[in-house]
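Below: one structure, written as structure tokens.
The values are calculated or read from the model by the stated rules, or taken from the named source; none is laboratory data. Quick caveat, the model's predicted, so the values are computed rather than measured. So basically every Cβ, Gly included, is an ideal-geometry build from the backbone, and we count neighbours across all protein chains shown. We work out accessible area using only protein heavy atoms, side chains counted, and drop any ligands, DNA or RNA first. Shrake-Rupley method; radii C 1.70, N 1.55, O 1.52, S 1.80 Å.
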Amino acid sequence: MKMKWVITVLLAVPLALHAQEVKPVKDGDESLSVLYRGRLASSFTFRYNGTYYVDPEGFKAGEVMYNGKLYSGVETNLDAYQQLLCVKPKGDYAPLTPERDQVAWFTRGDQLFVNLRYLGFEQASEGFFEVIHDGETPVVKQVMKYLESNPGDKNGEVIGYYADDYSSGVITYFRYAPKTWFIGEDGSLTRLKSKRDVAKRFKNRKSEIREYVKNMNLEDVSNDVYVPLVMSMLDPSRPDSGMIHKRMNQWHSGGNIGSEPTIPVKAPAGSGRDLPAGYFDEVKESAERLSDNNISVTYQNKLYIIGTRQSGASRATISGTVTDAENGEPLPGVVVFDDRTSTYARTNSSGRYSITLPVGENYLNFNETSKEDLHINIQLDGSGGLDVVMSERITALKPAVVSAESMANHRTTEMGIEKVSMKTISKIPTAFGEGDILKAVMTLPGVKSVGEASGGFNVRGGASDQNLILFNGNTIYNPTHMFGIFSSFNPDIVENVELYKSSIPAEYGGRISSVLSVKSKEGNPEKVTGTLGIGLLTSRFHIEGPLSRGKTTFILGGRMTYSDWILKRLPEESNYHGGKAGFGDANLGITHKFDESNSLRLSAYWAKDRFAFSEGEDFNYSNLDVSLAWKHDFEDPGHNLRVSASYDGFVNTFDIYQYMNDYSVTTNINQGNLKAVIRKPLSDAHVLSYGAEGVFYALDPGIMKPLNDSSLVAPRSLDREYAVEAAAFASDTYTISEKLSFEAGLRLSGFMSASKRRFYGIPELRLSGKYSPKENISLKAGFNTLRQYIHLISNTSAISPMDTWKLSDASIKPTDGYQAALGGYWTSLDTGIDFSLETYWKNMYNYLDYKSGAELTMNDNLAEALVPVKGKAYGVEFMIKKTTGKLNGWASYTYSRTFLREMTDRGVATINGGDWYQAPYDKPHDLKVALNYAFTHRYSISLNLDYSTGRPVTIPIGSYLYDGGYRLAYSERNAYRIPDYFRLDAAINIDPGHYLKALTHSSITIGVYNLTGRKNPYSVYYTTDGGFVPNGYMVSVFATQIPYINFNLIF
Amino acid sequence: MFALVAVSCVYPFDVETDQVPQKAFVFDGDIVLGGWCTISVSCMTPFGKSSDSEEEKEPVVPSRAGKMTVYCNNGEVYPGFQLTGGVEKISYQFDFAEAPLDKQYRLVYEEEGSVYSTSWMDVSIAPTPDEITVEYDADYVYLGLKLKGDDSASRYYRWNYEETYEYHADFMPDYYLDFSVDLNRKLAYIERTAPVDPNYYCWGKSASRESTLISTENLSENTIAKQVFRTISRSSKRIMEMYRIDVRMKGISRDGYYFHKTLLANSNTSGSLFAPTPSEMRGNVVSEQNPSELVLGYVDVITESVTTKFIDGRYSRWRSPDYQLFLPEFNFRPDDPEAEGFTPMQWYDMGYRPVLIPKESEGDSVYWAEKRCVDCTLEGGNKNKPSDWPTTHE
């Protein structure tokens, strides 16, 4: 097994394109070239004069026998690294590599290279051999170069190294491999291992050879000199009548070689020796035309012709799939846009895209945050396909450029969408070094949490339960492990993360604040790869690969902790001695592609947490999620269907041990989900998405059981709640002009509570629009209405194992959310830096808060303990972002406020007397900076800064004597704040070297969390210590610097 | 977890408060039917700003001109008799000996034109505990409570306790200084003639500082199997001679139960990640003129049962202090002018008393002990022996 992505890095610059069939080439169509197609010749950049070509002399005129046709006047060269013929069209175009298997031979100046296997010499290796001598006993040699990092004193000549590795300390060389020689014998070829082997072929002429060598002073010369001279002496037959040429000449008559050619190729009708006149002069007419299946064509600066010109057609559609060069997996979320028309598209979860453009010349850009930008000239004659393979971004060491994604953001109506790549996430320092998705999300503007080590997060004034967290489409009810220290998502298996905080697509519903969509990889279709990470507290692994090559892939990952041993070693006087805390999770994904249009994906996720810090309590919670998704692409470009069925289970249990009163309380959610989404372009201006979704809930709000026979606790269960949430949705993207576009969506959601019969229904609006006066400036506005039917009932600041979920019913209304947002965006064309300013206003109704002193556990009249509140949230988010260059990252400042107000008048018991009060996560000032500076491709440093106003708390304002002791009188709810939060983290990242032949690779991250050691308060509390004088305390979770080292092994 | 253990910390914390009400009344006590009961009114002590000087922090107290009354829905009016004594806390005593149990009651407090009252409340009948259990281990004695309640009765219990205990001083003085001689010149003492020194045995009292709350709402039976509510060190003097605990059991309303439960949680918060957020807790006494005014305390209408348990000294592991280590030996030698040490009179003036310590090898020696070691009244107790106390040392 090799590390796929290392190869990718080395091949990164060209960003290969693979084109698929657009329209079959018509036999005899002389206007078409069958030669000038194929993979783009590699374009490695070398600091010195090294080259992967056979020699540094460049292209030379020659002939090519390709697919039964002989082409003359062609500039040819040999890629000795990949053993490919390279042909260079006239004009300012890059070389191409025609399919090797269809090249019989070619000449380069006076050199003749033959494809021995093509000519019927099955014993020969793949690639091209230079004919050194032809005759009765021909001799051929193969010049090969290969890549190697820090090779030491090995054979071969160091001829250069890959430029971007120069400063990384790992030098990757192109080196000559020992040449492979073959010599003819009885109509076949055998290996020629040394000079002596020549003499062995001519045993009766040994003395003659010896004398010739002596006279010619050939004793110490290389084979390159020795062999041709000696062979010309031994076998002076005419070259063109030799064994090799006899095989070659058969192609000139258009016939096959032998009865069973190694690679059967049918010569096209009308084959001729010469290309049509003026072929190379009329570049635009005859440039790369994409025709054959599975033929790869690439180059950023070449003009590619797609489709066949049809009279009357003014627009045509290009569609295709964008895949990752690293592992062959489809890349969702890639921005595709055309500079000339400012038309925009984005790949879906299958990596599919479709974009309709005016016929004629276009300039397509492909951009994904972690991938190299790709720019392609397109001559669009008709609808057709274009598959794209994108490689890992290595532009960190290059001058800043304007990112295609930055420009694309000005062309879409979407706003409030944040995308974070796993590469970025892995660079953000965390408390224990493991890349953490949720922690990365919290570095984005508008996203907050109540404190460190807290499970939930808050988006634009929304509560933690108002975020729809999806993992491969499954709903995750508790996204964290170990009280929020780790996120539930194994970073090794995650492909990408998207957070919708403003423009939420109509296909999503059920939560009123945001959608966090986390998607895992599909598995490497080429080979088995994986990672292994071992740490002080946790270990993790993942493995992925093909189950059936080209059809089925798998990915499997898992994590576990073993922190109990630390707890056992704590001093007995600590409250944690003998406690236990840990988690485990596992992921499985299997993807099967039936054909190019249909694929099926099975995803499964399991996670379990358990902890107990005292003998009297034990907590457990677990997630189990399974989904099956079918994807179908219709024939018309951009028209596709996604159907999914899923099950989500969440179980939360705590055990309490009291004398003869041992009991456990369990709450659980069982959720089944069916969803179908169809996307269909209606015209050039309209793209329609529509579908339906159904969610079935079976929720146990509380099951109390005695833990043993001696317990007097009576088994008791709160009524199981059943409900169905159904929705039909549709949205249309209407592009009026390049400058102006709108998106309108409608989601009709309905909810039927079966246990307490009640139906709720509402149309939800999703509106957005953009006006872009210039290509780098855009103004956007959006308005969303959303409804939520399931609620987290909690009286703690963070998500707690004591919390319970509750469905809406006759007593508890759904929560409604309304958000209006306005944004301005500017991209500096000089620096590529993005500036954005977004402001929003959000109203919430029927959000559930708890009455003071309410009992929320095993309360069969929970509605009585809760009060509906309305909320208002507003804020301004400013962000500056740089995604390219050595220094990249973002800085954001947010000013936001969130207030709540009880909707009912309960007299004296009304929360804060019925006035507005600050939400627990209302932190007005929020400054976040996440920066990464790459010194080299391997070495980089990361800094993360987080400042925010302290969160609101309810604190004592006085004490009084009551019932024999001092008691505390508390302020109105959330009337005070804890001190401000400030944290600075730093890390040094050492990425793997490019040891191409190494079986394993490793990366190391060394960092310090909370570099300044600030004692940030998590909470403050007062206690009277059993009725005595009250004292105040502050809890700081990470109260000092936390150094860490994270070591990952990749195989 | 590792983070919490390794790097989490708790620090003292203080914050300036600026939203403190001028005067917040606290009503402490219940309407306990069947006898006399006391309900007091006081005012919350605001934390205030750290910039406030002590002089500026004038204590807020209830008015002596206030009036507290309990009304019964049968028309009976029970006036509260203001007890003398106390400045910050004014108590009112009620006679509910004849109050009917099947009626509703409400409390009204009037002060300077403001009226504070509860709503009408039913009576919660108190059960009687079946047993006060005593268990012990090497270090502690555990007092628990068993109760089998009527299934139709309240399932919410609250109880407090009062302790009375007899203890003695560390040492029984056998000698007293003879003040008829010059104690600066000579040590002279007289032997104790009474069998027991008058300050050797004392009685102490204490009470619980917070209620114990139990609910049986989730149990199959209205039963408290055993709820340990008091733990006493076996080295404590409380159980060295005789100990009595009086448990005052109350059956309370559900609202009252959750009020007190939250009250305790609010006053003993842990600040942990999962600790419920403390919240403002108002009681059931409301200002009629300004319902939003902060008023604290929950007044329930209850009956009360008292269960008493005596424990003798069998569980005590009290040991007298090691005199060889801690008591200075009497070393006055008047015949030796070079001798160091204080004179007997000087020892006495410093608060020491002579104690005769028997020593097997050297015979009895006299040591100086702190006065509190021979005088039990200096350890919090007094000589007020309860009338029904079962032991005597005369």
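Here are some notes:
- Scan of the range B:196-233 for residues that are more than 14 Å from chain A (Cβ to nearest Cβ) and buried (at least 17 other Cβ atoms within 10 Å of the Cβ), ordered by number: B:197, B:199, B:200, B:201, B:202, B:203, B:204, B:232
- Pair list, Cβ under 7 Å, 6 or more apart: the range A:784-806 residue within 14 Å of chain B (Cβ to nearest Cβ) and open to solvent by less than 10 Å² (accessible area, probe 1.4 Å), other residue of a type in the set (Asp, Glu) and part of a loop (DSSP other than H, G, I, E, B): A:793/A:803
- Residues of the range B:75-114 satisfying the condition of being part of a strand (DSSP E or B), more than 14 Å from chain A (Cβ to nearest Cβ) and open to solvent by less than 30 Å² (accessible area, probe 1.4 Å): B:78, B:92, B:94, B:105, B:107, B:108, B:109, B:111
- When the criteria are applied in full, residue B:140 meets the requirement of being more than 12 Å from chain A (Cβ to nearest Cβ), at negative phi and either buried (at least 19 other Cβ atoms within 10 Å of the Cβ) or hydroxyl-bearing (Ser, Thr, Tyr) (or both).
- For the range A:898-941, a residue qualifies if it is in contact with a strand residue (DSSP E or B) (Cβ under 8 Å, 6 or more places away or on another chain) and of a type in the set (A, V, I, L, M), and the qualifying residues are A:900, A:903, A:908, A:911, A:919, A:927, A:929, A:930, A:931, A:934, A:941.
- Filtering the range A:812-868 to residues that are within 14 Å of chain B (Cβ to nearest Cβ) and assigned to a strand (DSSP E or B) leaves A:849, A:850, A:866, A:867.
- Top-ranked residue in the range A:637-653 [being open to solvent by 30 Å² or more (accessible area, probe 1.4 Å) and of a type in the set (Val, Ile, Thr); ranked as farthest from the other protein chains (Cβ to nearest Cβ)]: A:643
- Scan of the range A:913-928 for residues that are open to solvent by 30 Å² or more (accessible area, probe 1.4 Å) and away from chain B (no Cβ under 14 Å), ordered by number: A:916, A:925, A:927
- Count of residues meeting criterion [exposed (fewer than 13 other Cβ atoms within 10 Å of the Cβ) and within 19 Å of residue A:138 (Cβ to Cβ)] in the range A:201-221: 1
- Number of the exception - residue A:893 against (1) within 30 Å of residue A:655 (Cβ to Cβ); (2) touching an Asp or Glu at 6+ places or on another chain (Cβ under 9 Å): (1)
- Filtered residues of the range A:683-722 (kept if of a type outside the set (Gly, Ala, Ser) and without any contact (Cβ under 8 Å) to a residue 24 or more places away in the chain): A:709, A:715
- Complete set of residues in the range A:717-751 that are assigned to a strand (DSSP E or B), under 30 Å from residue A:857 (Cβ atoms) and open to solvent by 80 Å² or more (accessible area, probe 1.4 Å): A:722
- Checking every residue in the range B:238-247 against the condition of being out of contact with any Leu (no Cβ under 6 Å at 6 or more places or on another chain), more than 12 Å from chain A (Cβ to nearest Cβ) and open to solvent by 40 Å² or more (accessible area, probe 1.4 Å) gives at least one match.
- Enumeration of residues in the range A:371-398 that are small (Gly, Ala, Ser), open to solvent by 20 Å² or more (accessible area, probe 1.4 Å) and at pLDDT 75 or above: A:383
- Here the range A:71-93 is the region considered, the condition is being in contact with a Lys or Arg (Cβ under 6 Å, 6 or more places away or on another chain) and open to solvent by 10 Å² or more (accessible area, probe 1.4 Å), and the residue that is farthest from residue A:179 (Cα to Cα) is A:93.
- Taking residues in the range B:361-375 that are in a strand (DSSP E or B), and partners anywhere that are at pLDDT 75 or above, the pairs with Cβ atoms closer than 6 Å and at least 6 places apart or on different chains are B:366/B:354; B:367/B:355; B:368/B:347; B:368/B:352; B:369/B:171; B:369/B:353; B:369/B:355.
- Restricting the range A:654-690 to residues that are under 30 Å from residue A:737 (Cα atoms) and in a loop (DSSP other than H, G, I, E, B) leaves a set whose member that is most open to solvent (accessible area, probe 1.4 Å) is A:682.
- Residues within the range A:661-716 that are of a type in the set (D, E, K, R), under 30 Å from residue A:619 (Cβ atoms) and touching a strand residue (DSSP E or B) at 6+ places or on another chain (Cβ under 8 Å), tallied: 4
- Candidates A:894, A:910: the one that is among the hydroxyl-bearing types (Ser, Thr, Tyr) and away from chain B (no Cβ under 14 Å) is A:894.
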